[in-house]
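Beneath this line is the structure, given in structure tokens, with notes to follow.
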Amino acid sequence: MPYFFPSIFAVVMYRVAHALGRRRATIPARAVMIVAQLLTGAEIDWRAQIGPGLFLEHPVGVVVGDGVVAGSNLVLGAAALLGANSFYQSRTRPKVGFPTLGNDVFVFAKASIIGPVEVGDRAVIGAHALVLANVPADAVARGVPAKSYVDGQQLSKGLT
């Protein structure tokens, strides 16, 4: 009975909530999202657009914001955060935005990807990393703030 594993249950409930929301049943979608959060500890907004193959290694503390767009085969470690850089927008603050992730991205435990950044295909985000700028494809991002490494060499400007 694999549907009773919290990580699989959280993904199934996200898919159900997302399908309900696309059919304009927003109140039931939010209810499913809240039940999934209470039972698994993962908060995946039904408005997020996540491709097939989503896997949560340990769902407790995982947060995925409503504007996140992710490709297929996204793996999220425990307490990973994909969110906006601000709750409001004004003339003095930068544009509010959510991350966009490519295919086959792996985000380790407690890593945070904040704001309108792009993470390329097959990128790896290290544990506890704070990603505030773009990460190219096939790169490893680590540190606070995160710096990108490709083939073991740090990019000249850090993150692109």
Exactly one of (1) part of a loop (DSSP other than H, G, I, E, B); (2) surrounded by 19 or more Cβ atoms within 10 Å (Cβ to Cβ) is unmet by Gly67. Its number? (2)
Being of a type in the set (Lys, Arg), at pLDDT 90 or above and within 25 Å of Ala17 (Cα to Cα), is that true of even one residue in region 125-144? no
If you go through region 8-36, how many residues are crowded, with 19+ Cβ neighbours inside 10 Å and either of a type in the set (A, V, I, L, M) or under 16 Å from the mean Cα position of the chain (by Cα) (or both)? 11
Those residues of region 100-116 that are at pLDDT 95 or above, more than 20 Å from Gly152 (Cβ to Cβ) and part of a loop (DSSP other than H, G, I, E, B) come to a total of 4
Determine if region 39-53 includes at least one residue that is of a type in the set (D, E, K, R), surrounded by fewer than 17 Cβ atoms within 10 Å (Cβ to Cβ) and over 11 Å from the mean Cα position of the chain (by Cα). no
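Given the structure, is Ala10 in contact with a Gly (Cβ under 7 Å, 6 or more places away or on another chain), in a helix (DSSP H, G or I) and free of Cβ contacts under 8 Å to residues at least 60 places away in the same chain?
no
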When the residues of region 123-142 are filtered to those that are surrounded by fewer than 16 Cβ atoms within 10 Å (Cβ to Cβ) and free of Cβ contacts under 8 Å to residues at least 24 places away in the same chain, which remaining residue is farthest from Leu56 (Cα to Cα)? Asp138
Might you check whether a residue that is within 11 Å of the chain's Cα centre (by Cα), surrounded by fewer than 16 Cβ atoms within 10 Å (Cβ to Cβ) and closer than 30 Å to Leu20 by Cβ occurs anywhere in region 71-93? no
Can you name the residue in region 5-62 that is of a type in the set (Phe, Trp, Tyr) and out of contact with any strand residue (DSSP E or B) (no Cβ under 7 Å at 6 or more places or on another chain) and, of all such residues, is modelled with the lowest pLDDT? Phe5
Flag if Val60 is crowded, with 16+ Cβ neighbours inside 10 Å and either under 20 Å from Ala127 (Cβ atoms) or hydroxyl-bearing (Ser, Thr, Tyr) (or both): no
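The values are calculated or read from the model by the stated rules, or taken from the named source; none is laboratory data. From a predicted model like this one, the values you see are computed outputs, not experimental measurements. In this analysis, Cβ positions are derived from the backbone assuming ideal geometry, glycine residues included, and neighbour counts consider all displayed protein chains.
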